[in-house]
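All remarks here apply to the structure that follows.
The values are calculated or read from the model by the stated rules, or taken from the named source; none is laboratory data. Note that the coordinates shown come from a computational prediction; the quantities given were computed from them, not determined experimentally. Glycine also receives a Cβ, built like all others from the backbone with ideal geometry; neighbour counts cover every protein chain displayed. Note: areas computed on protein heavy atoms with side chains; ligands, DNA, RNA excluded. Shrake-Rupley method; radii C 1.70, N 1.55, O 1.52, S 1.80 Å.
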Amino acid sequence: MSAVLAVERLSKAFGGVQAVQGVSFALGEGELLAMIGPNGAGKTTCFNMVNGQLAPDSGSVRIGGVDTVGRPPREIWRMGVGRTFQITATFASMTVRENVQMALISHRRRLASLWTRAASLYRDEADRLLERVGIREQAERACSVLAYGDLKRVELAVALANEPRLLLMDEPTAGMAPKERITLMELVGEIVRERRIAVLYTEHDMDVVFGHADRVIVLDRGRLIASGTGDEVRDNPEVRQVYLGSRGRA
Amino acid sequence: MGNRRMFLAAAAACALAAGFAAPAAAQGTIKIGEVNSYKRFPAFLEPYKKGWELGVEEVNAAGGVLGRKLEFVSRDDGGNQGDAVRLAEELLSREGVSFLTGTFASNIGLAVSDFAKQKKVLFIAAEPLTDKIVWDNGNRYTFRLRPSTYMQTAMLIPDAAKLKQKRWAIVYPNYEYGQSATAAFKKLLKEKQPDVEFVTEQAPPLGKIDAGAVVQAIADAKPDAIFSSLFGPDLANFVRQGNLRGLFKDRPVFNLLAGEPEYLDPLKEETPNGWYVTGYPWYGISTPEHKKFLDAYQKRHNDYPRLGSVVGYTLVKTVAAAIRKAGSLDTEKLIAAMKGLEVDSPFGKMTYRALDHQSTMGAYVGQIGLRGGKGVMTSFRYEPGEKHLPPDAEIRKMRPAD
Amino acid sequence: MSSIVVQFLNGLAGASTLFLIAVGLSLIFGVTRIVNFAHGSLYMLGIYIAYSAVGAFGAAGALGFWGAILAAALAVGLFGALVEVLILRRIYQAPELFQLLATFALVLMVKDFVLWAWGPEDLLGPRAPGLDGAVAILGQRFPEYDLFMIAVGPVVLGLLWLLLNRTRWGTLVRAATQDREMVGALGVNQKWLFTGVFALGAFLAGLGGALQVPREPAQLFLDLTAIADAFVIVVVGGMGSIPGAFLAALIIGEVKAFCIGLGNVTLLGVEVSFSKLTLVIEFIVMAIVLVVRPWGLLGRPQAAQRAAPTHIEPPLRAALRGLAAGAAVLALALAALPLTGAAYTVVLMTDILIFALFAASLHFIMGPAGMVSFGHAAYFGLGAYGAGLVLLRAGAPMEVALAAGPLAAALGAAVFGWFCVRLAGVYFAMLTLAFAQIGWSVVFQWDSFTGGSNGLVGVWPAAWLSSKSAFYLFVLVLCGAGLAALRRILFSPFGYALRAGRDSPLRCDAIGIDIKRLQWAAFTLVGAFAGTAGALYAFSKGSLSPDLMAIPRSVDALVMVLLGGVQTLAGPAVGAAAFTWLQDTIARNTEYWQSLLGATILIIVLAFPQGIVGSLARLGTRAEAE
């Protein structure tokens, strides 16, 4: 299994506080990797160094073998990395379809076009993606009036627009009802397996973690303390200690 | 929905067109267009308006001109040059005025002057002080009533030269009027007194003087005398800070325009003593022509006149005299009549020079002081305009041929 | 040496004045997010009321004098509370910045009211009792009242600090400044918090004005000078930061005093007049500060405000067939206008068309791209000067000059825009304003080239366009094409990407859109459109002056866009037509036209809280839905 994402000895400090320290892990095609840990464990920092929002102090991030350190998120995206956000980030004044079209337009490098009608570009392709995430019938609706669960699906469709090999999902089910979470994660699972996409996601909900991840890595106070299948991690005494000590729910 | 939007826009456009479709064309009166920045410079222009109102009433009471009544159609351009040109257009095309008058700010005066040239109509610029309107940018359609920056500066020169002060400080509002006044003052004084030195120049932005700092900077330069062309709020600020900080102690000060009631009256108890100014001592002029004007004005408006009143009033006298002399409203005949036209003003007889279309209206020059809690010109004399103009040859060089 | 000390003290006195003008504005913006254009008017009211009050009670000695000052400030505070309750409270739900329109209407009304109530003459108040002389400082005489002013600034700063940090009300104000939603969630009566803050801000403005009575005359320009200063101070200090405002006032006060103190200096053989630099020095300081520190000296990045659902504009809909037909009919009607023989209507419509293009070019960046520019007149003016200078100085034919206008404007926009797009929100707006003012001051000062404050004359069109009708048709074609092009571009991928950047920069970054670059391109592009409008305007008037790029023209464009409705595409054109037509009609028919124009705008604001087109369109949608 060749690594889609390889993170090596990643470190980052904020004003003397070591937020992430020497974290390494790798991720292969079609694999779902969950990154968990208590609050302040360094998940978000780590995640943002992978997606390019933060520059690491040291270490490397390789996507498809290419070092991405120092590149802005938009370039990393062009290397085939899709993203969804903890709080959905969509274009509120556009329709659902237009949101996906926007990503397709960017993917095909048509942004500087001044004369074509954006709404008629890649329409069918956008609809196919919306079909795939199950909100085709809402294509004409404005994003500003969508239910939150549906917005998550819009984001997923947008993230798939550049045919990514890696998907970065920050708390993909945050703010959703429990039942919706399962459906969404099942959908994600199906899609990544059929398209052989690698997924890295952070998560608070342990059901989502252990029910859907192929592998789990656990961070605590900036360090990687455990890595393995759901069962392996669940039985790891250090992990139990961390979670029982801080959250009591594992 | 978009449809409705467009429909509304179209409806608005139609309503708009309908609103303008009815030009009023009252027959019988001679209409004169007047454009000015009433709301922008009300301190000068409200009295000015009262002046021309009085003038129009007098002319009409005496039977009008060419057997017809005179009517001033006035417009407020809000101090905006583009609007002034548009309103001038409106006066000509919709109101059917015979020619244009008015304007206060120099940039607007120049713009309307050039518009008049383009339209080939007469324009009598009442207020703008800029020298350019009759010289560098002069044209055959434009005449100017008020004595220019150069003329008023020149009127102060004899007194300034007499004092034989060596080190001069200059303060002026930072725009064309102040710059021209400063340039004229330096040039003319240097001619009379070659050893003169200009030790500092302060150019605060118009209406925004930091008076304390400016006064201090001038004091630091240790001048023997000061020439200022400040007016309005800048002048009041400068005077108060200068008084407080003792800047004017034992230093002669020359200040253009500061004797005009518009700018002198607000100073009240703060009025400095002995400054040399140009202005308008309405309370002290005893000539019969002024007496007549003063009585009529006070009777009509229950207020004393400012310099603006005289300018507005004289503008109407000019208009009436020009039409009478031309015997017609034809532009060419009016221009011919304006050249060398003699007008009786409250300041006495004045002429519109054929050479550069500048009137010879003068100004009162003298010193100010405090009397009964008010600033007045304590001593003054009338300086006729014709005495303070450059030689004809110099003007010919500056002024483009017609 | 002594003069340096005294100039330093002068700077401190100036700083106190500036701080008092600005601090209320900062408070109001911090909490309510209202860009209060009427703040300068409140300041002006303060000095006028205090002038009269001092006249009435001043005879009662020091107590009467200071009582009068305080009473004036309280009166202005009360007026502020009334304005908030009666007007602003009704339009908080309107799209961002719409409240600016209401405060603009107030500016006009207050100005006319002051003229009506106090007359046109400057009113210089008496010196303050007990502080009417000067003291000697290092052998230089320094006014006692200026010493008092030096103390007032820090005292007010201290009192405000106590109020904000030691009272419950103050805690709420600070919380609201940082996160408005949170205060709503805390169950605080937001309405009265806003009223209170607005009243306090107005009181401080009134106090600032009243305290100037012994220093400078009350006069009708104070509102505009004060508002410009206030915005500069607030932004340089960091919006919402009161210590920041104090620091900014201090810096600008001192820089001004020392520019004046330096006077004319010869640097490397060139004489530089630092005194003349005071024309624009505060804007230069602001530009430098914002380029180096995009949130002002002590400001913090604004917490991303989640737009309320009512603030989000609906998706763009392609034109219906009916719309195309309607546009064609309108175009034909406009083209037929000269046939009616209504010569002045043709002239007025020429202005309206030009302003429609100008307003639409502002709307393009302000609405869809979310970049509100307070200095858009710079590109209108650069277009006009570009055209005028090529015509007059290079002797090029009109056709060439007309092309040079938009080119010059686009070039200017590209240079200024490069810095501006790095900023967001009000900081972006103020940097555009700073650059516009710097541009204006260059045009204003460069006599030999631009004609200085007098401007240039003789910018007339070629013979084939010399008739008003021909020129009107020419303008109709160019502006019509410009409006159509701007609309078309909004529907293009480029236009969509700009809206995407406004809606969610985060998402843009995550799908490969380099939003800053697109925004820069958009800024440059609309510069060219504004420049076209400016060049046409110059040729329609025959003359140019620096007014073309001064603040009032930028404000006019903002008013037009907001009046029509910032969330609609037809809005700017309708707003331009409505504003120009209203101003023309009212100004030609009434004496107190400013107040009438203000009142009319206020009525429109209250009746159409989404702008004229925006509100009508919403009514239409509701009717369709029912």
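If I filter the stretch B:345-398 down to residues being β-branched (Val, Ile, Thr) and within 24 Å of B:Leu334 (Cβ to Cβ), which single residue comes out as most open to solvent (accessible area, probe 1.4 Å)? If you could, list the steps in order and put the result at the bottom.
Applying the first criterion (β-branched (Val, Ile, Thr)) to the stretch B:345-398 yields B:351, B:360, B:365, B:368, B:376, B:378, B:395.
Now drop any that are not within 24 Å of B:Leu334 (Cβ to Cβ), which leaves B:351, B:360, B:395.
Working: B:Thr351: 43, B:Thr360: 12, B:Ile395: 1 Å².
Result: B:Thr351.
Can you name the residue in the stretch A:96-141 that is closer than 18 Å to A:Leu160 by Cα, in a loop (DSSP other than H, G, I, E, B) and small (Gly, Ala, Ser) and is also farthest from the other protein chains (Cβ to nearest Cβ) among such residues? Among residues in the stretch A:96-141 that are closer than 18 Å to A:Leu160 by Cα, in a loop (DSSP other than H, G, I, E, B) and small (Gly, Ala, Ser), the one farthest from the other protein chains (Cβ to nearest Cβ) is A:Gly134. When restricted to residues that are closer than 14 Å to C:Phe8 by Cα and more than 10 Å from chain B (Cβ to nearest Cβ), the stretch C:124-148 contains 3. Checking each residue in the stretch C:201-237 for being touching a residue at least 60 places away in the same chain (Cβ under 8 Å) and outside any helix (DSSP H, G or I) picks out C:Leu211, C:Gln212, C:Val213, C:Pro214, C:Arg215, C:Glu216, C:Pro217, C:Ala218, C:Gln219, C:Leu220.
Of all positions in the stretch C:176-184, none carries a residue that is surrounded by 18 or more Cβ atoms within 10 Å (Cβ to Cβ), in a loop (DSSP other than H, G, I, E, B) and in contact (Cβ under 8 Å) with a residue 12 or more places away in the chain.
If only residues of the stretch B:110-130 that are closer than 16 Å to B:Tyr352 by Cβ and not in a loop (DSSP other than H, G, I, E, B) are counted, the one that is nearest to the other protein chains (Cβ to nearest Cβ) is B:Ser113.
Of the candidates C:Val213, C:Val135, C:Val114, C:Val156, the single residue that is touching a Lys or Arg at 6+ places or on another chain (Cβ under 8 Å) and of a type in the set (Val, Ile, Thr) is C:Val135. Here C:Phe444 passes the criteria (1) away from chain B (no Cβ under 12 Å); (2) modelled with pLDDT under 95 except the one numbered (1). Residues of the stretch C:131-150 that are assigned to a helix (DSSP H, G or I) and open to solvent by 50 Å² or more (accessible area, probe 1.4 Å): C:Leu147, C:Phe148.
Taking the stated definitions as given, is C:Val272 of a type in the set (Val, Ile, Thr) and in contact with a strand residue (DSSP E or B) (Cβ under 9 Å, 6 or more places away or on another chain)? Walk me through how you get there before you give the answer.
Details: of a type in the set (Val, Ile, Thr): yes; in contact with a strand residue (DSSP E or B) (Cβ under 9 Å, 6 or more places away or on another chain): yes.
Yes; evaluated as a whole, the condition is true for this residue.
Note on the stretch C:501-526: among residues that are at pLDDT 95 or above and open to solvent by less than 10 Å² (accessible area, probe 1.4 Å), the one that is farthest from C:Tyr379 (Cα to Cα) is C:Ala522.
Taking the stated definitions as given, is C:Ala333 open to solvent by 40 Å² or more (accessible area, probe 1.4 Å), more than 20 Å from C:Leu563 (Cα to Cα), within 10 Å of another protein chain (Cβ to nearest Cβ) and modelled with pLDDT of 90 or more? Walk me through how you get there before you give the answer.
On the way: open to solvent by 40 Å² or more (accessible area, probe 1.4 Å): yes; more than 20 Å from C:Leu563 (Cα to Cα): yes; within 10 Å of another protein chain (Cβ to nearest Cβ): yes; modelled with pLDDT of 90 or more: yes.
For C:Ala333, the condition - open to solvent by 40 Å² or more (accessible area, probe 1.4 Å), more than 20 Å from C:Leu563 (Cα to Cα), within 10 Å of another protein chain (Cβ to nearest Cβ) and modelled with pLDDT of 90 or more - is met.
Do you know which of the residues in the stretch B:211-238 that are more than 8 Å from chain C (Cβ to nearest Cβ) and closer than 17 Å to B:Pro266 by Cα is most open to solvent (accessible area, probe 1.4 Å)?
Step one: filter the stretch B:211-238 for residues more than 8 Å from chain C (Cβ to nearest Cβ), giving B:215, B:218, B:222-231, B:234-235, B:238.
With closer than 17 Å to B:Pro266 by Cα added as a condition, the list becomes B:229-231, B:234-235, B:238.
Details: B:Ser229: 0, B:Leu230: 0, B:Phe231: 37, B:Asp234: 2, B:Leu235: 1, B:Phe238: 0 Å².
In this case the residue turns out to be B:Phe231.
Checking the conditions here, which among C:Pro143, C:Pro126 is closer than 17 Å to B:Gln241 by Cα and free of Cβ contacts under 8 Å to residues at least 60 places away in the same chain? Before the answer, list the steps.
Values: C:Pro126 fails: free of Cβ contacts under 8 Å to residues at least 60 places away in the same chain.
C:Pro143 is the lone residue from the list that is closer than 17 Å to B:Gln241 by Cα and free of Cβ contacts under 8 Å to residues at least 60 places away in the same chain.
Quick check on B:Arg245: is it surrounded by 18 or more Cβ atoms within 10 Å (Cβ to Cβ), within 12 Å of another protein chain (Cβ to nearest Cβ) and touching a strand residue (DSSP E or B) at 6+ places or on another chain (Cβ under 6 Å)? Spelling it out, B:Arg245 is indeed surrounded by 18 or more Cβ atoms within 10 Å (Cβ to Cβ), within 12 Å of another protein chain (Cβ to nearest Cβ) and touching a strand residue (DSSP E or B) at 6+ places or on another chain (Cβ under 6 Å). For C:Tyr51, the conditions (1) under 18 Å from C:Ala230 (Cβ atoms); (2) at pLDDT 95 or above are fulfilled apart from (1). Here B:Val85 passes the criteria (1) within 14 Å of chain C (Cβ to nearest Cβ); (2) at pLDDT 90 or above; (3) surrounded by fewer than 21 Cβ atoms within 10 Å (Cβ to Cβ) except the one numbered (3).
Identify, please: which residue in the stretch A:8-65 is among the basic types (Lys, Arg) and open to solvent by 20 Å² or more (accessible area, probe 1.4 Å) and is, among those, farthest from A:Ile87 (Cα to Cα)? If you could, list the steps in order and put the result at the bottom.
Keep residues of the stretch A:8-65 that are among the basic types (Lys, Arg), which gives A:9, A:12, A:43, A:62.
Those left that are additionally open to solvent by 20 Å² or more (accessible area, probe 1.4 Å): A:9, A:12, A:62.
Details: A:Arg9: 29, A:Lys12: 24, A:Arg62: 26 Å.
Going through the qualifying residues, I end up with A:Arg9.
For the stretch B:12-42, which positions are modelled with pLDDT of 90 or more, open to solvent by 20 Å² or more (accessible area, probe 1.4 Å) and either away from chain C (no Cβ under 11 Å) or part of a helix (DSSP H, G or I) (or both)? Correct list: B:Thr29 only. Within the stretch C:581-626, if we keep just the residues that are of a type in the set (S, T, N, Q) and more than 9 Å from chain B (Cβ to nearest Cβ), the residue that is most open to solvent (accessible area, probe 1.4 Å) turns out to be C:Asn589. Scanning the stretch C:281-311 for residues that are at pLDDT 75 or above, of a type in the set (A, V, I, L, M) and open to solvent by less than 60 Å² (accessible area, probe 1.4 Å) yields a total of 8. If you go through the stretch C:372-397, how many residues are open to solvent by 10 Å² or more (accessible area, probe 1.4 Å) and hydrophobic (A, V, I, L, M, F, W, C)? Residues in the stretch C:372-397 being open to solvent by 10 Å² or more (accessible area, probe 1.4 Å) and hydrophobic (A, V, I, L, M, F, W, C): 9 in total. When you check C:Gln567 against the structure, is it facing another protein chain (nearest Cβ under 10 Å), not acidic (Asp, Glu) and not in a helix (DSSP H, G or I), yes or no? Yes; evaluated as a whole, the condition is true for this residue.
Please indicate, with yes or no, whether at least one residue in the stretch C:451-460 is without any contact (Cβ under 8 Å) to a residue 60 or more places away in the chain, open to solvent by 30 Å² or more (accessible area, probe 1.4 Å) and either within 27 Å of C:Ala573 (Cα to Cα) or in the same structural domain as C:Val35 (by TED's automatic domain parsing) (or both). No, the stretch C:451-460 contains no residue that is without any contact (Cβ under 8 Å) to a residue 60 or more places away in the chain, open to solvent by 30 Å² or more (accessible area, probe 1.4 Å) and either within 27 Å of C:Ala573 (Cα to Cα) or in the same structural domain as C:Val35 (by TED's automatic domain parsing) (or both).
Residue count for the stretch C:264-294 under the criterion of being within 18 Å of C:Ser441 (Cβ to Cβ), touching a Ser or Thr at 6+ places or on another chain (Cβ under 9 Å) and not in a helix (DSSP H, G or I): the result is 4. Within the stretch B:145-158, not a single residue is under 22 Å from C:Pro461 (Cα atoms), of a type in the set (D, E, K, R) and outside any helix (DSSP H, G or I).
Go through the stretch A:30-59 and count every residue that is closer than 20 Å to A:Asp205 by Cβ and in a loop (DSSP other than H, G, I, E, B).
Taking the stretch A:30-59 as the starting set, the residues that turn out to be closer than 20 Å to A:Asp205 by Cβ are A:31-44, A:46-47.
Remaining after also requiring in a loop (DSSP other than H, G, I, E, B): A:31, A:37-42.
Residues flagged as closer than 20 Å to A:Asp205 by Cβ and in a loop (DSSP other than H, G, I, E, B) within the stretch A:30-59 amount to 7.
Could you tell me whether the stretch B:301-315 includes any residue that is farther than 24 Å from B:Gly102 by Cβ and aromatic (Phe, Trp, Tyr)? Looking through the stretch B:301-315, none of the residues is farther than 24 Å from B:Gly102 by Cβ and aromatic (Phe, Trp, Tyr). Condition check for A:Ala177 on (1) open to solvent by 10 Å² or more (accessible area, probe 1.4 Å); (2) at pLDDT below 90; (3) touching a Gly at 6+ places or on another chain (Cβ under 6 Å): one failure, at (3).
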